[in-house]
Structure formats: structure tokens, C-alpha cells
């Protein structure tokens, strides 16, 4: 790596501050907001022939459970050359969030404009540079859906109870009649949707608690939206004894974010 590249990277690190785990204020604590791309920028958005710049992306993780699979630059055309400089920490070492602490990560790339003879014939050329971020994560309803099971002769009327959660990437809504009759039970409606700027290339996988209540929805149940990312289905829930049950549904998913920035090549 030549001295010019080293100086560019050092400048980015110094001006951006240290990569530390920062505790947030009470209102920003978990439940989380997913994996946030806090910034995606370039040190110089206008490059002359053979000029170099550093692209930097900064992330903050609000997930308790995350596996980052890939972070790369894509779709940057044929004129720019890109040299990855890695991430700090490495993507496989990004820590899980915990109450009050959301770990950070930064990735850098050195980009270089082509030779002058490669951009002859135009004054400037805009080159979009897309970053692809791929990771697996999970979410569970933050508060339980409470369903009271009673003998049928004790139920005079029912109402619908519901619980909704979102982490800025996906949302989950649970709804059921309450109270529910013993043995006969009731239906639990489950609705999940894409709630953020990314894509869900593999849909959702669901798990259910308490396991003993669910007779026709198995853990690992997979669902994909047909026309969009929203999925909805019903699960039968039954209980053998009276009392209130706290119901939780968790979903696993793969998420892909693809922000873009522009680099302009100028022949002057």
C-alpha cells in the first residue's frame, strides 16, 4: 500500500473519531433498530484522472442476534478501480447488542479514477457506487401477547387482543380472541412484513412459545410473501389448564441493504 493510500485512510479515521461502543440514552435502548448504516461517504466525490479517494461506511448494531455475511461495493461501473481495506472489527467479530451498548463497525475502500485517456471525450461522468450489506438477524415480540384460557361456561364475551413490534427492518403483529375456551382454543393471527429500506430475499422463519400451545404451527415454519414482503397466517392455540399464557413469536430473516453514492469523474 503506497503512502498516499495510507494518508487517506488515516485522515478518514481521525476525522471520523474512534470506533467505540457507545451507550445511548434511556429512550434509545433496546428493543433495537436493526443494523443501522450511520454513514456512507467518500472523501472526495469528484475525481480527476488517477486521483484516489476513500469510501467509508459506518455501522451501529442494535441486534442481540446477528450474523453479518457480506459487505462489499458493487455496481461501480467499468472506470473506477476499487481496493477493499477491510472492516474494523472484522464482520464476523461484530458483537451483539446488549442493554445500553450498541457496538460499532467501520469498513473502508480505496477508489481510484482511471487514466486520462480512458475518460477522453466527455467533461465529466457520474459513477454510482452501490454497497451491498447482507446479514441474518432475528426479532421477537417485545411484550407478550396474553391470552386467558377459561372453561366455556365462564366466558360471556370476547374481545381481540393484539401486540405489535418493529425493529426498523421488519415488523410483527400478533392478534387473538380473548379469553379463549379450554380445549377448543382459538386462532392466533401472525402478520410479518418488511418495515425498512432493505430486501428480504428468503422471507421469514418463525418459532413459537410456549411450544405446548401450538398444535399446527411447527418451529422453523417458513413463509414468503407472494406479491410483496408481507406474510400472514393462522395458528391454532389450545391449553389443557386454566390461566393466562404469555405468547411469544420470533422470526429469523436475511436482510440486504444496498445504499448508493455518486462519484464524478472529471477530465480537467
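Inspection of the range 91-114 identifies at least one residue that is under 15 Å from residue 51 (Cβ atoms) and in a loop (DSSP other than H, G, I, E, B).
Scanning the range 187-243 for residues that are touching a helix residue (DSSP H, G or I) at 6+ places or on another chain (Cβ under 8 Å) and in a strand (DSSP E or B) gives a single hit, 237. Picking from residues in the range 257-268 that are closer than 16 Å to residue 58 by Cα and assigned to a strand (DSSP E or B), the one that is farthest from the chain's Cα centre (by Cα) is 261. Here residue 127 meets the list (1) farther than 14 Å from residue 237 by Cβ; (2) surrounded by 14 or more Cβ atoms within 10 Å (Cβ to Cβ); (3) modelled with pLDDT of 95 or more almost entirely, failing just condition (3). What do you reckon, is residue 96 surrounded by fewer than 13 Cβ atoms within 10 Å (Cβ to Cβ) and without any contact (Cβ under 8 Å) to a residue 40 or more places away in the chain? So residue 96 does not fit the description; no. The single condition among (1) outside the structural domain of residue 230 (by TED's automatic domain parsing); (2) out of contact with any helix residue (DSSP H, G or I) (no Cβ under 9 Å at 6 or more places or on another chain) that residue 107 does not meet is (2).
Put simply, of 69, 83 the only residue that is surrounded by fewer than 17 Cβ atoms within 10 Å (Cβ to Cβ), farther than 30 Å from residue 250 by Cα and either in contact with a helix residue (DSSP H, G or I) (Cβ under 9 Å, 6 or more places away or on another chain) or free of Cβ contacts under 8 Å to residues at least 24 places away in the same chain (or both) is 83. For the range 143-186, the set of residues classified as surrounded by 14 or more Cβ atoms within 10 Å (Cβ to Cβ), within 32 Å of the chain's Cα centre (by Cα) and assigned to a loop (DSSP other than H, G, I, E, B) consists of 144, 167, 168, 169, listed by residue number.
For the range 118-126, the criterion of being without any contact (Cβ under 8 Å) to a residue 24 or more places away in the chain and not in a loop (DSSP other than H, G, I, E, B) is met by none of the residues.
The values are calculated or read from the model by the stated rules, or taken from the named source; none is laboratory data. Small disclaimer: the values here were computed from a predicted structure and weren't measured. FYI the Cβ positions are ideal-geometry reconstructions off the backbone, even for glycines, and counts take in every protein chain you see.
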